[in-house]
Structures are given as C-alpha cells and as structure tokens.
Amino acid sequence: MYLKGAFQNSIMQKGQPATADSLMLEGFVAPLTATVITRLESSGVQMTSRIKAGEFGVSGLFVTGDNPTRDNPARDNPARDGALSHVDFALCNDYTGAISRAAALQGLYYIHPTYGTVSRFGLIPSVTSMDQIGVLCRDPEIGFEVLQIISEYDSKDGVMSSGDFEKNEAVNEMPLRIKGDTNNPGTCFDPCFPCLQIMQILCCAELSNNISRYDGIKFGHRAKEYNGLQELYAKSRTEAFGDDVKLAAIIGAMVLSQENYTRYYEKAMKFRRVIKDSFEFDKYDVIATCCPTLSRLCGYPALTTPECTYIADIRREDALRAVCAHRQGG
C-alpha cells in the first residue's frame, strides 16, 4: 500500500522529538516507536510528517458555542491547519471531539475506533479512559484501510483484550438500519444529558492525574530559579503548561477532592453509564448524531462526515464502512 501519513506530536517515533505540543516536554526524545507507526511502516506506508493537535490534546475541551475560538483552535487543530495537504491521512488522539468537529467543517472525515481496538503503546497519555488513536482523512475508504492495519491485538497495551482480535471486514451491501434523519439534523439522536459538562469533568480528572508526573525533576521543563522543592514544582508547571491545561488540572483536582468527589466525579460516571445504556443497538445498526462527544464517553466507534457523526455498536466498524457505501450509492 503506497500511502503517506502524518501523526500528531503525542505519538512516539524512536529517536525523534515527542512533545505532545507542550513546552513541558520540549526537547524530549522518544525512547521507542508506537505500535501504530511500526505496523504502518511494515505495511509500506510512509509516515512522513508530524502535526499539531493541541497541548496534550486538550484543545477544544473548553470550547463552547459562545466561545468557538478560545486559544485560537485553528492554530493547533490538524483538520483546520492543512495537515492533509501533503499526505493521505493523519493519526490523531481526538478524545474531546474537537478534531472531528473541525473535520466536518472542512469536508473531511474522522474515524474514531472502538475503545481498546487500536494499540496505545507509544502514545503519550492524556485521558486514559478516552484516549484512542483515530484516522483523519479525505477519503474514508483509505481511512478504513489504515484502520485495518493498525487495529490488531497488542500485548503492550493492557486495555486490549488478550483474546484473538477479530478484524471487521467491509460490508458494502449491508442493509443499514439508521436512527436519525441525516438530512434533518433536528431529528438526529440527541440524549437529554449535559454531555459536554460530563466530558469536561471526566477529562479534567484524568488529565490532572496524568500530568502530575511532570514536576520538573525526573524529566520535562525545569524552572531556572527557585527556592525549595515546592517552588520548583510551582514555577516549572506554571512556565511550561498552557492556560487550558492549567485550567483542566485545577478542575480535575477539585472534582477529585474529598468534598467534591461524590457530587461531581461519581455523578459524571453514573451519567456516562446511563448515556451508554440509552443507545438502542438492538433496534439500529447505526445512530446518527450531531455530538461526536458521545462516542468518546461510551467507547463506541464513530465516523464523522461533513453531514453528521455516525455511531455504531462495539467493534462494528464494518457498519460505519457500510455507511460510506450507502451514502455514495445515494
């Protein structure tokens, strides 16, 4: 397969910088190569360039309808900054759905696989329960071919099932049962839950935990002038983290605190379960929605198109591929 691909700065390639677009990791050189890169290169795919996707992927976490340009997301969103101008696809960790939303506006596609089907070995962690490497592409058929290559069992990723991994094959003639009229977004599936707020609570909590390792001592940015250990921590993190990462860390510490854990974090986890149970995959093959956040919260595979986002049941990427055939067939 002669394809050229790009990958975001949080995916490691041995001997090359891996900064996660953060000053905290400036100068960090990857000690290993991510499994997804190894598999693609073994298949003859050229991984030729890196792309920016926001510091630790947090870009878009606090974007709302009233403030769509917070921190200039066009600057670090690969779907907006021309990341596909010289390649066929790009690998991204889009746990907030920001890349998917931007892709739709640019006429691009984003394939978000089932949680745990693509190895995250070599991916700098951000939000562990939602981190999943997906494919940004112009042609969804190319995107699904890339997904076939990278979605195999990897013992280095503890989230993946230890059993045999079943690849989904293309089912172009599948009779689709789609919930939601894609020509009328108002009829698309839209659960009556504050999905954005739930995502923010859970993402901030996990991101806060994951970035706690960056203290300026073992590795990462270290302040030049400080008095004592506490000031070293504070100055190093203040200088190195951007505003959105700092905000996420503060919110994460708050919702995980003893006095707020039940009120915010535990309640958000319960809402996540209720949202997942609200999908009716016993009646439908695919759910059409305007909210890409849903698939991240629930671990479902999703295909974001210029029209809307399609969500399928666990390991039903074949249904999403059939959506493309269905759309092209009119």
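Just so it is clear, none of the values below were taken in a lab; they were calculated from the coordinates. On a predicted model such as this, the values are computed, not experimentally measured, just so you know. Counting neighbours? That spans all protein chains shown, and the Cβs are built from the backbone with ideal geometry, glycine included.
Simple point charges give the picture: +1 on the Cβ of Lys and Arg, -1 on the Cβ of Asp and Glu, and for the range 195-275 a dipole about the Cα centre of about 280 debye. Residues whose amide H falls under 5 Å from that of Glu152, counting only those 5 or more places apart or on a different chain, are Ser119, with hydrogens built in the peptide plane. Neighbours of Thr48, meaning other residues whose beta-carbon lies under 12 angstrom from its beta-carbon, give a summed charge of 0 when Lys and Arg score +1 and Asp and Glu score -1. Packing here is the average count of other Cβ atoms within 10 Å per residue, and on that basis the peptides 88-101, 251-264, highest first, run 88-101, 251-264.
Among Ile178, Ile314, sorting on how many other beta-carbon atoms sit within 10 Å of each Cβ, with the fewest leading, yields Ile314, Ile178. Measuring between their Cα centroids, the range 195-228 and the range 95-138 lie 21 Å from each other.
Here the 3J(HN,Hα) profile of the range 120-126, calculated from phi with Karplus coefficients 6.51, -1.76 and 1.60 at θ = phi - 60°, is 9, 5, x, 9, 5, x, 10 Hz, Gly and Pro shown as x. Backbone geometry of the range 316-324 corresponds, through the Karplus equation with coefficients 6.51, -1.76 and 1.60 at θ = phi - 60°, to 3J(HN,Hα) couplings of 10, 4, 5, 5, 5, 5, 5, 4, 4 Hz, x marking Gly and Pro.
When the Cα positions of Ala240, Ala205, Gln230 are compared along the charge dipole of the range 195-275, Ala205 comes out farthest toward the positive end, with charges on each C-beta of Lys, Arg, Asp and Glu. Here's how it looks for Val87: its modeled amide H is under 5 Å from none belonging to a residue 5 or more places away or on a different chain.
Taking amide H as placed 1.01 Å from N in the peptide plane, Lys14 has its amide H under 5 Å from the amide H of Leu32, Thr33, Ala34, each at least 5 places away in sequence or on another chain.
For the range 195-275, the convex hull spanned by the alpha carbon atoms encloses 93 Å³ per residue. Neighbour counts of C-beta atoms inside 10 Å place His112, His326 in the sequence His326, His112, starting with the fewest. The share of alpha-carbon pairs in the range 77-138 lying farther apart than 15 Å comes to 45%.
Panel order for Asp313, Asp282, by other beta carbons found within 10 Å of each beta carbon, from fewest to most: Asp282, Asp313. The distance linking the range 1-52 with the range 279-330 is 28 Å (Cα centroid to Cα centroid, whole angstrom).
The packing ranking of peptides 291-303, 119-131, 218-230, highest mean first, is 291-303, 119-131, 218-230, where packing means the average number of other beta carbon atoms within 10 angstrom of each residue.
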